[in-house]
């Protein structure tokens with residue numbers, strides 16, 4: 001535990017008149033202390049000015065498996081028990097039609113790309129594949145591989161010492177594999193996501209010590225210097241000192257707290273994104289309809305975060321597919337288009353990549369309960385930003401939407417492309433595992449040529 005000694009602060013409410021202290025080592029974030037989270041992360045130059053000085057990615061997990069043929073791949077020539085009741089509408093890109101319940105997306109199709117031929121998904125209700133490229137395997141969650149956010153944290157480090165490189169906004173669910181924000185795998189907790197969920201936001205604020213009371217940072221830094229001189233000769237304390245100073249930077253910066261405070265946004269901007277709730281969608285055990293998180297993700301990448309993950313909605317529609325999807329699609333339509341429109345208006349569309357997808361598709365044939373069941377044979381994905389080529393559809397499925405037909409795309413090829421946009425070459429980049437053996441980020445290392 002590190003105690004910072006300094007002069008008495010005016011208005012201190014703890015009754016101490018001669019000295020005060022700030023306890024850093026014991027502050028817990030997401031079950032870990034700040035020094036634990038910051039451990040083993042290498043610093044990179046801090047972001048300067050207002051422009052985005054780094055590449056970032058926002059990963060949106062559609063928990064439960066979205067219905068590909070009811071969103072982007074409607075089969076109007078198929079029999080009624082396959083095509084369903086939704087109708088296609090034209091988009092602003094000639095030749096591309098999507099579901100009628102996403103009219104905003106239709107007017108902005110030139111800023112998006114659809115993949116209709118995703119494969120490589122097992123029948124697993126988990127976010128693992130969508131956040132790491134690896135499903136649950138013999139070695140456990142993500143088969144013990146790091147998620148994209150954790151890998152980027154390891155390879156690039158933080159943009160700013162006061163800002164975690166990887167933030168997970170996923171809400172806790174009873175079915176734990178739904179709420180994985182992206183695990184660190186063999187990289188360990190040092191590269192796990194920071195999770196400011198619910199009441200955990202209180203952990204971002206100093207207990208009994210306000211930021212105003214810490215305004216004299218020079219005096220506090222002098223306290224650090226005195227402490228460092230005192231323990232410099234004690235080898236076991238040297239690393240603790242460095243990590244605690246990093247923790248101090250996070251606590252006193254307030255950049256993350258400010259980014260998560262949506263009250264700082266213009267009401268019109270918040271209305272464009274839409275308001276939502278952290279409650280699970282439809283009261284089911286899945287992601288929420290919390291459109292605010294799309295805005296929060298944009299604010300976080302502007303603050304210096306390299307990867308933000310979130311989950312949205314309940315897409316496991318074994319029943320009531322055509323009653324509930326219109327509600328959910330309308331909310332997703334509003335949130336995703338507001339985010340991408342905002343990125344373009346703020347000049348961030350070249351630097352911030354966006355992906356939205358689920359763990360598998362749904363059965364072509366509608367079941368007796370008016371729903372669609374699990375269908376790992378093919379899925380779909382939506383991409384935007386990152387300087388990628390938009391306004392296109394990649395791949396196709398056969399006449400009934402059963403399997404990829406033209407241009408099959410593996411989930412890991414999407415990851416290879418996202419890594420590429422982050423400045424990481426998956427052909428050469430490796431990370432050592434626990435045994436020191438170099439591990440490639442993905443096994444399918446072909447970048448999607450149509451996008452880059």
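Readers should treat all values here as calculations from the given coordinates under stated rules, not as data from a laboratory. Please read all numbers here as calculations on a predicted model, not as lab measurements. Using ideal geometry, Cβ is built from the backbone for each residue, glycine included, and neighbour counts are taken over all protein chains shown.
Tell me the relative contact order for the range 325-452 as a rounded percent, counting alpha carbon contacts under 8 Å between residues six or more apart. Relative contact order here is 19 percent. Across the range 91-184, Cα pairs under 8 Å and at least six residues apart give a relative contact order of 23 percent. For the pair residue 77 and residue 264 in one chain, pulling the backbone fully straight at 0.36 nm per residue adds 62.4 nm over the alpha carbon distance. Going from the residue with the fewest nearby Cβ atoms within 10 Å to the one with the most, 86, 186, 312 rank 186, 86, 312.
Exposure proxy for 178, 61, 440: other Cβ atoms within 10 Å of each Cβ, ordered fewest to most, give 440, 178, 61. Set the Förster radius R0 to 45 Å, insert the Cβ-Cβ distance between residue 365 and residue 53 as r into 1/(1 + (r/R0)^6), and round the FRET efficiency to 0.05. For residue 365 and residue 53, the calculated efficiency is 0.35. By the beta-carbon count within 10 Å of each Cβ, the least crowded to most crowded order of 309, 428, fewest first, is 428, 309. Can you give the FRET efficiency to the nearest 0.05 for residue 373 and residue 172, using r as the Cβ-Cβ distance and R₀ = 25 Å? With a Förster radius of 25 Å, E is 0.40. Full extension of the chain segment joining residue 406 with residue 323 gains 26.7 nm, where the gain is 0.36 nm per residue of separation less the Cα-Cα distance. Here the spin labels are modelled as points 7 Å beyond Cα on the Cα-Cβ line, and at residue 437 and residue 104 they lie 4.7 nm apart.
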